[in-house]
Amino acid sequence: MKKNKFNIAVVGLGNIGINLYKHLIQNKQNIEKRTNIVLNIKYVSARNKFKKRKVNIPKNKWLKNYLEASKRKDIDIVIELIGGSDGPAKKLIFNSIKNKKHVVTANKALISKHGNELSKLAEKNKVNLEFEAAVAGGVPIIRTIKEGLTTNTINKIYGILNGTSNYILSKMSETKLNFKEVLENAKKLGYAESNPKSDLNGDDAKSKIQILSSLAFNSFINKSKITVEGIQGIDQVDITNAKLLGYKIKHLAIAEIKKNKLVQRVHPCMINENSYISNINGVLNAVIIEGKPIGKFTIQGEGAGPGPTTSALVSDICSILRGNIKFPFSVSDKNRKKIRSLDISEDFFSSYIRLDVTDKTGVLSSITKILSKNKISVKRLVQNPFKSKKFASIIIISHKAKNSNLVKSISELANKKFVINKPKFFRIEEI
């Protein structure tokens, strides 16, 4: 017989946890109307019980130890909002599932690292493991793949998956401020964490594309041979050059099947300024799926923050309340595939190369010799001399060349005495 009341425990009361708590209290009747289930926040837990919060939480709701949430018989759903791929979050989720509790989480780092094991465990214990909020905030991409596109054969999924990096690149383009200035503004506005390392170096987007590719291709999460590059090296010169050349710089996460193998990559790209994804700005996320019979499917929305994340968490909670045990990754563990991964060394890309060099005779000849030796032909070349500073900036747009050759050329050029700054290199993506 279907239960008509569910008790939940919210573990982790940061900005998102508090926002979720208030939303569930305020929308209790609305949730009951939509699910025919009474939802009750039975317990909460946080690292600092005495921290000042914008909501009054009754004393009888506080757990003495966060792990009690995974053990108490009067809890049906555990909401994990601790964060981190291991430690307390991992203990809580594994213990909750073992004790036959449904779990809802926004933890992409944990799902990308332990999702395969957790999925199998959830299936074994006949409980739901829901993680819509782990990818793209309020954009319902996970449920779209699991339910809306369930019979589609997907061959490629890509997009802007990190709102912080997208905000920084957008503002650099709009304001002409440098990277550090925009980053500080992002922190003040709450768009960047005090330590935004995982956002800037690509690790956050990497976790998300691993989860999405697993869902899209009905495969186990694949952690090998992923190219990951961040946005820290991008400066105003690159932003301006991109505009002059008819491009914008975006930080993309891409997963696709090539020759029956999985290619996953996260890196800055030069994209035609008129393309759809070039015009996704600010903290917005966008995901594009290519498959059959759908063709090309696009979804966008706010990718971070308490509001969008709460929306995704509540969607997962309501999915559990409506009943039916669902496989975490859409299909049963025994039907998920092992797909061998392929790195991008043999892939071909056009590229943008920027070299700041000493302004003297023979430099350009040396550069073209290195490129020619590595089978890279020049499609376009712009030389900007700065006589007052006694150096020149050389911009090269290459024809398509093998990625391994491009990387090798950049490495060789970086070691030349006439190159005075670290060379810049961005792949040009035709999407």
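Bear in mind these aren't lab numbers, they're just calculated from the coordinates by the rules spelled out. On a predicted model such as this, the values are computed, not experimentally measured, just so you know. Neighbour counts run over all protein chains shown; Cβ positions are idealised from the backbone, glycine included.
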Relative frequency of Cα-Cα separations exceeding 44 Å in the chain, percent:
19
With F348 itself left out, Lys, Arg at +1 and Asp, Glu at -1 over residues whose Cβ is under 15 Å from its Cβ give +3
Using the alpha carbons of the stretch 348-429, what is the convex hull volume per residue in cubic angstrom, as a whole number?
77
What does DSSP give for the chain in terms of the percent of beta bridges that are antiparallel, rounded to the nearest 5?
70
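Over 20 Å between C-alpha atoms is what I'm after, so list which of K28/K98; K379/K424; K28/K61; K126/K206; K225/K326; K91/K225 land there.
K28/K98; K126/K206; K225/K326; K91/K225
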Cβ under 14 Å from A109's Cβ, A109 left aside: what net charge do those residues give with Lys, Arg +1 and Asp, Glu -1?
+1
Residue among K225, K417, K292 with the largest mean-square fluctuation in a Gaussian network model of the chain, springs linking Cα atoms under 10 Å
K417
Positive-pole candidate from N48, I344, N201, dipole of the chain, charges at beta carbon
N48
Could you pull out every residue, at least 5 positions away or on a different chain, whose amide H is within less than 5 Å of the one on D235? Hs are placed 1.01 Å off N in the peptide plane, and Pro or chain starts have none.
none
Would you work out the charge dipole size for the stretch 5-134 about its Cα centre, treating the Cβ of every Lys and Arg as +1 and the Cβ of every Asp and Glu as -1, and quote it to the nearest 20 debye?
540
Based on alpha-carbon centroids, what's the gap between the stretch 260-338 and the stretch 176-216 in Å, whole number please?
17
Relative contact order of the stretch 348-429: what whole-number percent is it, with Cα pairs under 8 angstrom and at least 6 residues apart?
49
Work out the length of the dipole vector of the stretch 1-48 about its Cα centre, built from +1 on the beta-carbon of each Lys and Arg and -1 on the beta-carbon of each Asp and Glu, and round it to the nearest 20 debye.
160
Ordered by residue, what ³J(HN,Hα) values in Hz, to whole numbers, does the stretch 241-258 give under the Karplus form 6.51 cos²θ - 1.76 cosθ + 1.60, where θ = phi - 60° and Gly and Pro are x?
4, 4, 4, 4, 8, x, 10, 10, 9, 10, 9, 10, 10, 9, 9, 8, 9, 10
Test of understanding: in a Gaussian network model of the chain with alpha carbons linked when under 10 Å, which of K51, K248, K126 would top the mean-square fluctuation ranking?
K51
Report ³J(HN,Hα) in whole Hz for each residue of the stretch 338-343, in order, from the Karplus equation J = 6.51 cos²θ - 1.76 cosθ + 1.60 where θ = phi - 60°; Gly and Pro get x.
9, 9, 5, 8, 9, 7
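How much net charge surrounds V228 when only other residues with a Cβ under 9 Å from its Cβ are counted (Lys, Arg +1; Asp, Glu -1)?
Summing Lys and Arg as +1 and Asp and Glu as -1 gives 0.
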Going by alpha carbons, how many degrees (0 to 90, nearest 10) lie between the helix axis of 163-175 and the longest principal axis of the chain?
40
Based on other C-beta atoms within 10 Å, arrange E256, E184 from fewest to most.
E184, E256
Quick check on the exposure proxy: order L313, L121 from fewest to most C-beta atoms within 10 angstrom.
L121, L313
How big is the stretch 5-134 on each of its three principal axes, counting only the C-alpha atoms and giving the largest first in Å?
37, 34, 26
Express the relative contact order of the chain as a whole percentage, based on alpha carbon pairs under 8 Å and six or more residues apart in sequence.
16
Karplus 3J(HN,Hα) series, Hz, for the stretch 33-41 with 6.51 cos²θ - 1.76 cosθ + 1.60 (x for Gly, Pro):
4, 7, 10, 6, 10, 7, 9, 10, 7
Semi-axis lengths, Å, the stretch 231-351, gyration tensor of Cα atoms, sqrt of 5 times eigenvalues:
32, 23, 13
Structure shown: which of K100/K120; K124/K156; K73/K101; K258/K402 lie over 19 Å apart, alpha-carbon to alpha-carbon?
K124/K156
Straight-line reach check, K259, cutoff 17 Å on alpha carbons, 8 or more apart in-chain or any other chain, hits among aspartates and glutamates -> E290, D343, E346, D347
Net charge dipole size for the chain [Lys, Arg +1 and Asp, Glu -1 on Cβ; Debye, nearest 20]
1040
What stretch of the chain, leaving out the sites themselves, is the longest with no chymotrypsin sites (Phe, Trp or Tyr not before Pro) in a DSSP loop having at most 14 other Cβ atoms within 10 Å?
51-275
Name the residue, out of N324, N285, N60, whose mean-square fluctuation peaks in a Gaussian network model built on the chain with Cα pairs under 10 Å.
N60
